[in-house]
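Data block below; observations after.
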Amino acid sequence: MTAVDASETSTRKYIGRFAPSPTGPLHFGSLVAALASWLDARSKDGSWLLRIEDLDPPREDPSAPDTIKRQLETLGLIWDGVPLYQSTRQDAYDEALNELRKKDMVFVCTCSRKSIRGVYPGNCREKRLEESATGACAIRLRVPQKIATFNDRISGSHIFDLNNTVGDFIVRRRDGRTAYQLAVAVDDEYQNVTDIIRGDDLLDSTPRQLCIIEALGYQSVRYGHFPVILGADHKKLSKQAHAAPVSIKKPEKTIRDALLCLGQTSPPDTDNVQILLNWAIENWQPDMIPARSTVWTPA
Ligand code: GLU
Ligand code: ZN
């Protein structure tokens with residue numbers, strides 16, 4: 001695995017995406033991710049796609065996709081085309097997994113979740129267990145013994161010792177569901193995504209997704225990870241921590257707050273969200289995104 005070089009994708013038309021998991025309405029932290037990827041796409045005359053990552057129904061709220069769409073629309077973040085729902089993509093994930101099986105890049109793992117702490121120690125790697133005979137089992141990718149590097153447009157260059165920091169990771173869970181890492185890589189390729197802008201809580205996922213991209217011969221993507229927004233308790237804003245749904249009552253106020261968190265200073269004094277967004281596209285400066293997490297408390 002070599003460095004992901006920004007120039008590799010430069011001849012492709014920019015396609016960005018926002019890929020929320022519908023576990024609830026957007027909170028302010030997820031809105032900042034949506035806005036950053038939208039601005040980056042629009043400032044490069046690119047497309048911006050919406051993908052609903054509904055792969056884990058027990059964790060989801062059935063009304064969330066519509067709520068998220070309404071929030072985005074009201075805030076002026078309009079996506080191109082029709083949203084892609086991961087729940088409709090099982091055949092594609094199965095096909096990708098088959099491809100990995102053919103290449104002998106995956107193996108069956110019967111270890112219980114509890115028995116694995118941290119990096120997978122490789123217990124089942126050479127056992128060549130059969131899927132059918134073992135009952136509930138996960139499928140893991142055989143992660144190569146390599147150093148992976150990639151240049152992030154926002155957070156700089158990263159180096160991962162794949163074996164010691166990532167290890168063979170799960171691509172199909174014990175419950176039969178496709179793991180997030182596989183689904184994301186398959187869909188980014190399917191949707192021709194060139195650029196991923198997202199919070200750095202997902203930085204850990206990037207080397208895993210790079211492994212899948214390489215294993216399946218997919219096109220490379222550029223990454224930009226910005227520091228996630230923290231709440232008053234200095235913890236990441238998250239649905240698990242009951243972050244409040246983002247307010248759409250005053251769209252320009254919400255967008256203005258999000259722009260400030262992204263270091264985009266001196267937006268015009270207007271109560272028209274469209275004027276504000278147009279200014280933000282014209283003046284988008286990813287270099288101004290603060291290097292450290294912003295603590296945000298609703299006014
Ligand atoms: N669905 C993931 C989440 O909401 C994000 C996926 C991604 O941006 O790669 O955390
Ligand atoms: Zn195992």
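Taken together, the values in this text are just the output of simple stated rules run on the coordinates, not laboratory data. What you are looking at is a predicted structure, and each value in this text was computed from that prediction instead of being measured. As a convention, Cβ positions derive from the backbone with ideal geometry for all residues, glycine included, and neighbour counts pool all protein chains shown.
Any chance you could list P(r) for the chain, counting all Cα-Cα pairs in 5 angstrom bins from zero, rounded to whole %?
So the P(r) values, bin by bin, are 1, 5, 11, 15, 17, 17, 14, 9, 6, 3, 1, 1, 0, 0.
Write down, largest first, the equivalent ellipsoid semi-axes of the stretch 72-218 in whole Å, where each equals the square root of 5 times an eigenvalue of the alpha-carbon gyration tensor.
Semi-axes, largest first: 28, 20, 14 Å.
Projected onto the charge dipole of the stretch 42-156 (+1 at Lys/Arg Cβ, -1 at Asp/Glu Cβ, origin at the Cα centre), which of Val82, Gln145, Ser132 gives the Cα projection farthest towards the positive end?
Value: Gln145.
Given axes a ≥ b ≥ c from the Cα gyration tensor, I'd like to know whether the stretch 136-205 is rounded (a/c under 1.5), prolate (a/b larger than b/c) or oblate.
oblate
Mind telling me which of Asn163, Asn283, Asn123 comes out most flexible in a GNM of the chain, alpha-carbon contacts under 10 Å?
Asn123
List the aspartates and glutamates whose Cα sits under 16 Å from the Cα of Lys235, skipping any in the same chain fewer than 8 residues away.
Partners found: Asp200, Asp201.
Using only the alpha carbon atoms of the stretch 19-84, find the Kirkwood hydrodynamic radius as the inverse mean reciprocal pair distance, in angstroms to one decimal.
Roughly 12.2 Å, rounded to one decimal.
Starting from the Cα gyration tensor of the stretch 5-114, take the square roots of the eigenvalues, sort them a ≥ b ≥ c, and report rounded, prolate or oblate (rounded when a/c is under 1.5, otherwise prolate if a/b is larger than b/c, else oblate).
oblate
Return the lysines within reach of Lys236: Cα separation strictly under 30 angstrom, same-chain partners fewer than 8 residues apart disregarded; answer none if there are no such residues.
Candidates past the 8-residue exclusion: Lys44, Lys69, Lys114, Lys249, Lys250, Lys253.
Hey, what do the phi angles of the stretch 208-225 turn into as Karplus ³J(HN,Hα) couplings, whole Hz, using 6.51/-1.76/1.60 and θ = phi - 60°, x for Gly and Pro?
Working through the residues one at a time gives 5, 5, 5, 4, 5, 4, 6, 4, 9, x, 6, 6, 7, 10, 8, 10, x, 10 Hz.
Going highest first, how would you order 97-104, 145-152 by mean Cβ packing within 10 Å?
With the highest mean Cβ count within 10 Å placed first, the list reads 145-152, 97-104.
Ordered by packing density, taken as the mean number of other Cβ atoms within 10 Å over each peptide's residues, highest first, how do 248-254, 223-229 rank?
The packing order, highest mean first, is 223-229, 248-254.
Suppose we keep just the DSSP beta bridges with both residues in the chain; what percent of those would be antiparallel, to 5?
Percentage antiparallel, nearest 5: 50.
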